[in-house]
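Colleague: Here it is: the structure, laid out below.
Nothing in this text is a laboratory measurement; each read-out follows from the coordinates by a stated rule. In this text the structure is predicted, and so the values were computed from the model without any measurement. Glycine gets a Cβ as well: all are built from the backbone with ideal geometry, and neighbour counts include every protein chain shown.
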Amino acid sequence: MILEKTGNPGSPCMPFHLMKTTSNKRHWMSRILKTGAVVALVSALSSCSVHENTRQISPSFSETGVTKLRSFHVRKHADDDYNLAEDIAAELQRMGYRATSGTAQSPPGRVDAVLSYKDRWVWDMTMYMISLDVQLREPGSDVILATAKTVRSSLIRKSQQEMVRETLTKLLKNQ
Amino acid sequence: MSGIISLSGCVLVGCGSARPDAMMPAAVTASHRSGKPIQAHVAGGAEYTAMGGPGITNEEFKQALESSLVKSGSFQSAGPGGYQLEAFIADIDQPVMGFSMRVNMDVSYTLRRGGSIIWRKSIRSTYVAATGEAFAGALRLRKATEGAARENIVALIRALDGQRL
């Protein structure tokens, strides 16, 4: 029996039923390996570094309108575990704007625009922010006037503060 | 083998953008009819989202919007000479993976007539595509995206109906 298991499948001393089973196993192993190789290749080609930093302005608003804005309220969302709202407000102040942050839907005082944001985090050795999407809204109506988005995949990840800076610069500075 | 390659590519990068007919609500009837044409102008769309999921192009959403608004009875036809609707696709929020796929979509609408703004609103819609809708994840994500767009158009028709144009 041991000889049969370790023997050459093609040898004339191996029983026919075992030769067939070994041949099937080889066939399936070959298919699995080929499939694995193709999937690995496609994955390798698709998992390159992604960096996107874009801005979109509503047709009912304008770039001039964006540059005229001087004061903002950052609307903190309920799942903000990283104090992102405070970082956005701090970065706005550093850029020379007046800015507040808070969980209230409406700003506490009169402001030119409300900023809402959406952050997405993923795990790759450590947690990191893969994308930050900031929406510029009209106070009162809450209509979205413009958006800016930064996407950075793992290999070119940046700190939270740098993601905030990159996104706000894209949103508010003249292009 | 070629099937495996195309399937892998499809799963990794998605299977194209949403289709206009799949974004149209099946039956939404407006109670008030403006009797005027509507012309839509869409911005913010793209074939793929920033995360590589299926997007919605401006042209596809324009087609779905105009056809749905005319079909609902809110407007007489698609074209110039009546109302202008500006739609700004501000966000399409898609999951990276999952069984039930939830997609949120934010669109800002501005309705004009003769150059003046007569109505503005941002509408957020959500659609969850269950595994029963499509087995392949990429296809399920596209269906969820189309569903979110469809729900957004339904909300738009209802909101405009309340304006009694």
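Colleague: On the given criteria, is A:Lys118 within 14 Å of chain B (Cβ to nearest Cβ), assigned to a helix (DSSP H, G or I), buried (at least 16 other Cβ atoms within 10 Å of the Cβ) and basic (Lys, Arg)?
Modeller: Details: within 14 Å of chain B (Cβ to nearest Cβ): yes; assigned to a helix (DSSP H, G or I): no; buried (at least 16 other Cβ atoms within 10 Å of the Cβ): yes; basic (Lys, Arg): yes.
No; evaluated as a whole, the condition is false for this residue.
Colleague: Go through segment A:78-105 and report how many residues are surrounded by 13 or more Cβ atoms within 10 Å (Cβ to Cβ) and either of a type in the set (A, V, I, L, M, F, W, C) or over 17 Å from A:Arg165 (Cα atoms) (or both).
Modeller: Here the count works out to 10.
Colleague: Every residue in segment A:93-123 that is touching a Lys or Arg at 6+ places or on another chain (Cβ under 8 Å) and farther than 25 Å from B:Met105 by Cα, please.
Modeller: A:Tyr97, A:Arg98, A:Val111
Colleague: Within segment A:125-175, track down each residue that is loosely packed, with under 14 Cβ neighbours inside 10 Å, closer than 24 Å to B:Tyr48 by Cα and either touching a Cys at 6+ places or on another chain (Cβ under 6 Å) or not polar (S, T, N, Q) (or both).
Modeller: Passing the criteria: A:Leu155, A:Ile156.
Colleague: Moving on to the next point. Take the residues in segment B:35-50 that are within 14 Å of chain A (Cβ to nearest Cβ) and part of a loop (DSSP other than H, G, I, E, B); name whichever of them is nearest to A:Pro59 (Cα to Cα).
Modeller: By that ranking, first place goes to B:Gly44.
Per-residue answers, yes or no, for (1) buried (at least 17 other Cβ atoms within 10 Å of the Cβ); (2) touching a residue at least 60 places away in the same chain (Cβ under 8 Å); (3) not acidic (Asp, Glu):
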| residue | (1), (2), (3) |
| --- | --- |
| B:Ile117 | no, no, yes |
| B:Ala138 | yes, yes, yes |
| B:Leu141 | yes, yes, yes |
| B:Glu146 | yes, yes, no |
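Colleague: I'd like the residue in segment B:87-112 that is free of Cβ contacts under 8 Å to residues at least 40 places away in the same chain and over 29 Å from B:Arg140 (Cβ atoms) and, out of all such residues, is surrounded by the most Cβ atoms within 10 Å (Cβ to Cβ). I'd like the intermediate steps shown before the answer.
Modeller: Start the filter on segment B:87-112 by keeping residues that are free of Cβ contacts under 8 Å to residues at least 40 places away in the same chain, which leaves B:91, B:93, B:98-100, B:106, B:108, B:110, B:112.
The next check asks that each one be over 29 Å from B:Arg140 (Cβ atoms); those that pass are B:110, B:112.
Numbers: B:Thr110: 20, B:Arg112: 17.
So, considering only residues that are free of Cβ contacts under 8 Å to residues at least 40 places away in the same chain and over 29 Å from B:Arg140 (Cβ atoms), the one surrounded by the most Cβ atoms within 10 Å (Cβ to Cβ) is B:Thr110.
Colleague: Look at segment A:79-111 and say how many of its residues are part of a loop (DSSP other than H, G, I, E, B) and either among the hydroxyl-bearing types (Ser, Thr, Tyr) or within 21 Å of A:Lys149 (Cβ to Cβ) (or both). Steps first, answer last, please.
Modeller: Within segment A:79-111, the subset part of a loop (DSSP other than H, G, I, E, B) is A:79-83, A:95-97, A:103-111.
Going one step further and asking which of them are either among the hydroxyl-bearing types (Ser, Thr, Tyr) or within 21 Å of A:Lys149 (Cβ to Cβ) (or both), we end up with A:79-83, A:95, A:97, A:103, A:106.
Residues that pass the stated criteria total 9.
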